[in-house]
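These notes concern the structure reproduced below.
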Amino acid sequence: MNRVFSAWRVTRRLGIRQGAAASAAPSWIFVSHTASPGGAELALSRYLLRSELRNKKLLTLESGSTWSGLNDSDVEIMAPLDASIWSRVRLLVQALRGESCQVVVANSMRAALYSAICCPRSSILIYWVRDGLSESSVSRVGLLLTKLITMRRVDACIANSQWTARSVHAVKPGIPMRVVPSPCGIEASFPLSDEMEWDRFRSAEVRILFLGRISHWKGVHVAIETVKILNEAASDCVYSLDIAGAALFGEDEYFAAIQELVAGNDNVRLLGHVDQVAELLRGYDALFHCSLIPEPFGQVIVQGMSAGLAVFATRGGGPDEIINDGVDGVLVQAGDSAALAERVLELFSRPDRVRVLRHAANRSAGRYSDEVAVREIDSAVRELVHQVNV
């Protein structure tokens, strides 16, 4: 009797008609509400490009260059005919209700909300959680809608870190969950060259990179303040900072404030958004990650470590899981520019320690290669679908 009931539930949940094979392969629909090149969108593009799932579709409510790499792949891209709200709503409803056998994976909080409203009960809805579900990480309105609507409909979750997973379970205890780091755009770890002249740190320039969105919670101003402190304290070395990123989600006021800070500092430059991250990283010695609240994961941290940079990141969230403080990176308290400057001076006063740390960082980053991440995500979504149906 139990076997009969379980088979009926699987058939009903995936919308497979009576008489069809119970093992019929579902359609995998990945939903993104934006095409802005944020971490979630870039990670999804990397994943879809290499995933071995069959019958994959990307439902994007915005067209953009973020998805251009998928044009020659086996991923079917569904995008609205125009930018009007009605075109997007029509596409969303038609796509999510158009097939009887599908698994929907929502790539962001907003995408999960839209999917929760539009998904038929016959579909399995997986929320790929990339933000902590707490008031310190998301807006009160967003968190309330997630609790009242999204999580009541979501069947399972993928979390990008253990910290993110704990925040999800605080909202919905017991929901099926898999923790898999996001694809960061790195290949298997490559050995670093020892050709770099480490003695130059004693008298030349330490080149620092901030890589990320120009957003207040990312702490760009902390990075600028730290470089100012460093140059005031150092007598035989110049510390320079390049900021690579853009204000993507309506933070124009903060971006204007950053522009003012940069205008009065000869050692800081704004580079804007940069597509070729791997090439960019090769030109620096250190990377600053200055988030003021816990970072859910931290793709740029992994990217910097893979390139052999000395990565300085704030404690809390994903960085605590990625970095072994003092071994393959440095962890500091959020918002404390003086403490960050002290750790930078301490490390770069010893070129031999920099060399050891950068090699350790490179080795540690190998755990997060795209090959490993994509394979684990493929396995995770399959396991979650099975678990939901049992």
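The values are calculated or read from the model by the stated rules, or taken from the named source; none is laboratory data. Nothing here was measured: the structure is a model prediction, and the numbers come from that model. Glycine also receives a Cβ, built like all others from the backbone with ideal geometry; neighbour counts cover every protein chain displayed. Areas reflect the complete protein model, heavy atoms only, side chains present, ligands, DNA and RNA absent. Shrake-Rupley method; radii C 1.70, N 1.55, O 1.52, S 1.80 Å.
Restricting to the stretch 316-344, count the residues that are of a type outside the set (A, V, I, L, M, F, W, C) and over 19 Å from A365 (Cβ atoms).
7
For a quick check of your reading of the model, give me the residue pairs whose first member lies in the stretch 361-375 and is in contact (Cβ under 8 Å) with a residue 12 or more places away in the chain and of a type in the set (D, E), whose second is assigned to a helix (DSSP H, G or I) and open to solvent by 30 Å² or more (accessible area, probe 1.4 Å), with beta-carbon atoms closer than 9 Å and at least 6 apart or on different chains.
What qualifies is D370/R46; D370/L49; D370/R50; E371/R50.
Here is a list: F297, F348. Which entry is aromatic (F, W, Y), in contact with a Ser or Thr (Cβ under 6 Å, 6 or more places away or on another chain) and either closer than 18 Å to C184 by Cβ or open to solvent by less than 30 Å² (accessible area, probe 1.4 Å) (or both)?
F297
When residues of the stretch 34-60 are filtered for being among the hydroxyl-bearing types (S, T, Y) and crowded, with 22+ Cβ neighbours inside 10 Å, how many remain?
Going through the stretch 34-60 one residue at a time, the tally reaches 3.
Do we find that L70 is open to solvent by 40 Å² or more (accessible area, probe 1.4 Å), aliphatic (A, V, I, L, M) and at pLDDT below 95 in this structure?
no
Residue-by-condition table, conditions (1) more than 24 Å from Y47 (Cα to Cα); (2) at pLDDT 90 or above; (3) open to solvent by less than 10 Å² (accessible area, probe 1.4 Å):
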| residue | (1), (2), (3) |
| --- | --- |
| I85 | yes, yes, no |
| R88 | no, yes, no |
| L91 | no, yes, no |
| L96 | no, yes, yes |
| V103 | no, yes, yes |
| A106 | no, yes, yes |
| R110 | no, yes, no |
| S115 | no, yes, yes |
| P120 | yes, yes, no |
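Could you tell me whether K147 is open to solvent by less than 70 Å² (accessible area, probe 1.4 Å) and without any contact (Cβ under 8 Å) to a residue 40 or more places away in the chain?
In short, no.
Considering the stretch 214-243 alone, what residues qualify as being within 17 Å of V277 (Cβ to Cβ) and surrounded by fewer than 21 Cβ atoms within 10 Å (Cβ to Cβ)?
D242
Within the stretch 263-280, does at least one residue satisfy the condition of being among the β-branched types (V, I, T) and not in a helix (DSSP H, G or I)?
Looking through the stretch 263-280, at least one residue is among the β-branched types (V, I, T) and not in a helix (DSSP H, G or I).
Here are some conditions: (1) within 22 Å of the chain's Cα centre (by Cα); (2) at pLDDT 95 or above; (3) of a type outside the set (A, V, I, L, M, F, W, C). R207 meets all but one. Which one does it not meet?
R207 satisfies all of (1) within 22 Å of the chain's Cα centre (by Cα); (2) at pLDDT 95 or above; (3) of a type outside the set (A, V, I, L, M, F, W, C) except (1).
Taking the stretch 122-132, which residues are closer than 19 Å to E41 by Cα and open to solvent by 10 Å² or more (accessible area, probe 1.4 Å)?
The initial filter retains those residues of the stretch 122-132 that are closer than 19 Å to E41 by Cα, namely 125-132.
Within the stretch 122-132, R130, D131 meet the criteria.
Have a look at G316, G272, G283 and point out the one that is under 24 Å from G185 (Cα atoms), open to solvent by 10 Å² or more (accessible area, probe 1.4 Å), touching a Phe, Trp or Tyr at 6+ places or on another chain (Cβ under 8 Å) and small (G, A, S).
G316
When you go through (1) modelled with pLDDT under 95; (2) over 14 Å from V31 (Cβ atoms); (3) among the β-branched types (V, I, T) one by one for T146, which number turns out not to apply?
(1)
Tell me the residue from L61, L81, L133 that is more than 22 Å from L384 (Cβ to Cβ) and in contact (Cβ under 8 Å) with a residue 24 or more places away in the chain, please. Working first, answer last.
Details: L81 fails: in contact (Cβ under 8 Å) with a residue 24 or more places away in the chain; L133 fails: more than 22 Å from L384 (Cβ to Cβ).
Just one listed residue meets the conditions, L61.
Residues to consider are G304, G335, G308; find the one that is within 29 Å of Q276 (Cβ to Cβ), touching a residue at least 24 places away in the same chain (Cβ under 8 Å) and assigned to a loop (DSSP other than H, G, I, E, B).
Residue meeting the stated conditions: G308.
Test L261 against the criterion of being open to solvent by 50 Å² or more (accessible area, probe 1.4 Å), among the aliphatic types (A, V, I, L, M), touching a helix residue (DSSP H, G or I) at 6+ places or on another chain (Cβ under 7 Å) and within 24 Å of D336 (Cα to Cα), and give yes or no.
yes
What are the residues in the stretch 200-243 that are of a type in the set (S, T, Y) and outside any loop (DSSP other than H, G, I, E, B), if any?
T226, Y239, S240 - these are the residues of the stretch 200-243 that are of a type in the set (S, T, Y) and outside any loop (DSSP other than H, G, I, E, B).
Suppose the filter is modelled with pLDDT of 95 or more, of a type in the set (K, R) and open to solvent by less than 20 Å² (accessible area, probe 1.4 Å); does R153 pass it?
yes
Pull up the stretch 244-258, narrow it to residues that are assigned to a loop (DSSP other than H, G, I, E, B) and at negative phi, then point me to the one that is surrounded by the fewest Cβ atoms within 10 Å (Cβ to Cβ).
By that ranking, first place goes to F249.
Can you name the residue in the stretch 35-52 that is of a type in the set (G, A, S) and without any contact (Cβ under 8 Å) to a residue 60 or more places away in the chain and is also farthest from S182 (Cα to Cα) among such residues?
A35
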